[in-house]
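Below is one structure; the comments refer to it alone.
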Amino acid sequence: MKASVRWLKEFVDFDLPVEELARRITDAGLEVETITALGQGLDKVVVGEVRKVSKHPRADKLSVCDVGVGSENLQIVCGAPNVEAKAKVPVALIGAELPGGIQITKSSLRGVDSFGMICSEKELEIGEDEAGIMILDSDLKVGEPISSALELEDYVLDLDLTPNRPDCLSVLGVAREVAALCGSQLKRSEINLREVAEVAQDRVQVEIADPAGCPRYAARVIEGIVIKESPFWLKRKLYAAGMRPINNVVDITNLVMLELGHPLHAFDYRLFQTKKVVVRRAQEGEKFVTLDDVERTLNKEVLLITDGTKPVAIGGIMGGLESEVSPDTRTVLLESAYFDPRVIRRGRMFLGISTESSQRFERGADPNGVIKALDRAAALMQDLAEGEVLKGVVDNYPAPIHPVKVVLRPKRVNQILSTNLAAERIKNILASLDLPARENGDLEVEVPSFRPDLTREMDLIEEIARIHGYDNIETTLRAGGGLVTEVHWEDQVSRRVKEFMVGRGFFEAITNNLVDPEMLEKLNEEVGPIHIRNPLSQDLSVLSSTLAHNLLLVVARNKNRLEKDLRIFELGKVFWLEGDRPEERLHLGLALSGTREPRHWESEEAEIDLFDLKGTVAGLFEALSLPFELNPGDKGILESGRCFQVQTAGEPIGFIGELSQRVMDIFGVKEKVFWAELDFEKMAARVPKTRRFSSLPKFPPADRDVAVVVDESLLSKAIEDKIKEVGGDLLESIVLFDVYRGRQVPAGKKSLAYSICYRSQEKTLTDGEVDEIHRKVISELERTFGATLRS
């Protein structure tokens, strides 16, 4: 949106340097990208009057003019075909440098001296017309600098607006913001419309076949139109906004759109075949030729304006070639409508075109600004095109859109903004934005339809912050008040898990939940997959029921790129069907492969094994203050005998183990991979929310070692559980420090050596007391497991 500062001053009085104005507007959320100065470099160009025109003695196409420039008369040779006596013209004096770099000096043309130059719009870079010299209004003062006479000196602010501010796609909307920021009043000029006796309703009817796409359509009829060039003041405004003048009628519709933000369209009414306007959707494949002389194929997303028999315009986007205003136009049907933003957006995207009109309609024009824009344009056509405006407006508005009412609590405003604004100050800020507020305990704010972005109390609070000034709001380095959001417990635990895993040297992976159903089926998951109705492709058509699928793809990809040592984890969603009901859970997956430590001269290279994975999982449970238990388990993707179920307080949490050779072959991985998958939601639910600390022990420990020979099939956990049971409160810790299989133990047996720490919280244990409890432990191991002491 390009906003002329001179045009803004027609709506609001302010006296700010343009840089300061741009800063304030930008700080309020309407970013000014560039500031362009207009009318510069015309210091020695003045208003002149052609007193006499004579033919050049040696050139048929040149004229010798006697031109008055105020203090003197100048002889100027001119080649323009439209130069004539008594015409007011722009004259570049000797010494002037025109915007195009032309230096004006005394010259001789075919033997006749010339002391200046009569200029065209193009030469002054204030318009596109270069067919002849520029003819000025006859009431301009001779000798006056052209910049002031034509009000050329101006600045144009190029605003980069966010899509939620359609109200600022107009000079009036930007002026409203400036008035609020400067504490000024917005000027509201009256529209002086003189209607004739004939009634417009007798000349045209409006029918809306698609009220959802077009909630409102209004029209006026103007007769006796004379198509001609627009006055310079109008063209100057269009040029400043980056638009090209066409003729007075079309220029008026563009001017009103830029001024009020509401697009209009003028039809040559004599080209209508019926006295009716019908708004309908296009038929699939229907053809229509638009103003740019392009035949377009339409679909049902496109809204059409028709004369009851044939299309005359694409609603809200572009007019038609066969109904455009031409030099022969005498009667204009002037359209002002409100179209649904979604319909306009879908239609223009299908057609692949974007216009000034569609930009405004798809962001949300003002449904209750329809008549004002219509009357403003009709009044201008009355004045500038000699039109006679028929009485009344033909307005079809079946379901009026009323202003929204939002309750605003001043206390809440100050709480959110950390301010101390009085209710009266808040009301004044809102009033400056044309948001009237009525006190009823709190403030009841009526939001006009030109602000579709304001629907909630928080939206109004943001408006108050913008106009009050963000610089006037105290800065705080600490969040406070009701804006502080509690971090959910599951998220807190998630952070702790990720910190732990990264601390153990793991890298986090984030993969896609959508997987290949054939690959998932090969994993022999016991649960049914959930299929996607509209998959992007067959290999992304089901939701993963295990993290193993994607993490193993990550492992395979890294192994194929010669990354030998891998420690990865993922905290992600898994999905499955339980009967007809879909389940969604958050799981933690871990994968380890490669060597235990980086290659180093101090240590020998050793491969990762199942105990590394067990140690990681056990450490995680300890960090979360969760009891950790392992029991033999059975999981299809893990090797039999090397698969264990993880439990906490007797509840199954997941599995750890070594991936089976079958699964490794599916993913093309040759080295061993150790895998764990845990139900994170179950874990998080059991993590204690308070941490308990115990005091340091007051009494010394007593350490004893014991090595027992047991059956190969017996798990160390069973022995440890029995030692804990017998040791009771006096047993502080137990550590397995040696496993031996060899010549010194019988076949089918193994030796397990434990270090046991005894300690009392009440006294120092004597050797006799420790020996007695230790003998009970050994005796119970012999009785329960048939264990024998290894000497």
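The values are calculated or read from the model by the stated rules, or taken from the named source; none is laboratory data. As the structure is a prediction and not an experimental result, all values here were calculated from the model. As a convention, Cβ positions derive from the backbone with ideal geometry for all residues, glycine included, and neighbour counts pool all protein chains shown. All accessible areas refer to the heavy atoms of the entire protein, side chains included, with ligands and DNA or RNA removed. Shrake-Rupley method; radii C 1.70, N 1.55, O 1.52, S 1.80 Å.
General remarks:
- Subset of segment 744-767 (residues that are out of contact with any Asp or Glu (no Cβ under 7 Å at 6 or more places or on another chain), more than 16 Å from Asp703 (Cβ to Cβ) and of a type outside the set (A, V, I, L, M, F, W, C)): Gln744, Pro746, Ser751, Gln761, Glu762, Lys763
- Here Glu525, Glu602 are screened, and the one residue that is surrounded by fewer than 18 Cβ atoms within 10 Å (Cβ to Cβ) and modelled with pLDDT under 90 is Glu602.
- Per the conditions (1) open to solvent by 40 Å² or more (accessible area, probe 1.4 Å); (2) under 23 Å from Gly316 (Cβ atoms); (3) assigned to a loop (DSSP other than H, G, I, E, B), the sole criterion not satisfied by Met243 is (1).
- Filtered residues of segment 769-791 (kept if of a type in the set (A, V, I, L, M) and open to solvent by 60 Å² or more (accessible area, probe 1.4 Å)): Leu789
- Residue in segment 325-342 that is nearest to Asp210 (Cα to Cα), counting only those that are open to solvent by less than 10 Å² (accessible area, probe 1.4 Å) and in contact with a Leu (Cβ under 8 Å, 6 or more places away or on another chain): Phe339
- When the residues of segment 96-127 are filtered to those that are assigned to a loop (DSSP other than H, G, I, E, B), loosely packed, with under 12 Cβ neighbours inside 10 Å and small (Gly, Ala, Ser), the one that is farthest from the chain's Cα centre (by Cα) is Gly111.
- Within segment 354-363, if we keep just the residues that are closer than 30 Å to Arg270 by Cβ and in contact (Cβ under 8 Å) with a residue 60 or more places away in the chain, the residue that is most open to solvent (accessible area, probe 1.4 Å) turns out to be Glu356.
- Top-ranked residue of segment 703-732 - restricted to ones that are of a type in the set (A, V, I, L, M), touching a residue at least 60 places away in the same chain (Cβ under 8 Å) and assigned to a helix (DSSP H, G or I), ranked as nearest to Val777 (Cα to Cα): Ile719
- Residue check for Leu435: in a loop (DSSP other than H, G, I, E, B), of a type in the set (A, V, I, L, M) and farther than 30 Å from Asp210 by Cα: yes
- Arg220 passes every criterion in (1) surrounded by fewer than 17 Cβ atoms within 10 Å (Cβ to Cβ); (2) at pLDDT 95 or above apart from (1).
- Candidate set from segment 538-555 (those that are open to solvent by 40 Å² or more (accessible area, probe 1.4 Å) and over 15 Å from Phe667 (Cβ atoms)); member that is modelled with the highest pLDDT: Leu540
- Of all the criteria given as (1) open to solvent by 30 Å² or more (accessible area, probe 1.4 Å); (2) within 14 Å of Glu259 (Cβ to Cβ), the one not satisfied by Phe350 is (2).
- Members of segment 754-791 found to be assigned to a loop (DSSP other than H, G, I, E, B), within 21 Å of Asp711 (Cβ to Cβ) and of a type outside the set (A, V, I, L, M), listed by number: Gly786, Arg790, Ser791
- Within the set Val389, Val413, the sole residue that is part of a helix (DSSP H, G or I), open to solvent by less than 40 Å² (accessible area, probe 1.4 Å) and β-branched (Val, Ile, Thr) turns out to be Val413.
- Considering Glu629, Glu570, Glu639, Glu607, the condition of being touching a Gly at 6+ places or on another chain (Cβ under 7 Å), in contact (Cβ under 8 Å) with a residue 40 or more places away in the chain and of a type in the set (Asp, Glu) is satisfied by Glu570 alone.
- Residues of segment 268-324 satisfying the condition of being open to solvent by less than 10 Å² (accessible area, probe 1.4 Å) and part of a helix (DSSP H, G or I): Ser323
- When residues of segment 128-175 are limited to those that are open to solvent by 60 Å² or more (accessible area, probe 1.4 Å) and within 23 Å of the chain's Cα centre (by Cα), the one nearest to Val47 (Cα to Cα): Asp160
- Of all residues in segment 325-358, those that are more than 30 Å from Leu161 (Cβ to Cβ), of a type outside the set (Ser, Thr, Tyr) and in a loop (DSSP other than H, G, I, E, B) total 3.
- Search result, residues across segment 51-70 that are closer than 13 Å to Glu84 by Cβ, β-branched (Val, Ile, Thr) and touching a residue at least 40 places away in the same chain (Cβ under 8 Å): Val67
- Qualifying residues in segment 439-467 (those that are over 24 Å from the mean Cα position of the chain (by Cα) and open to solvent by 10 Å² or more (accessible area, probe 1.4 Å)) - the one nearest to Asn414 (Cα to Cα): Asp442
- Leu590 passes every criterion in (1) at pLDDT below 90; (2) closer than 18 Å to Lys682 by Cα; (3) over 35 Å from the mean Cα position of the chain (by Cα) apart from (1).
- The residue list Leu62, Leu74, Leu16, Leu30 contains one member that is touching a His at 6+ places or on another chain (Cβ under 6 Å) and more than 24 Å from Leu234 (Cα to Cα), which is Leu62.
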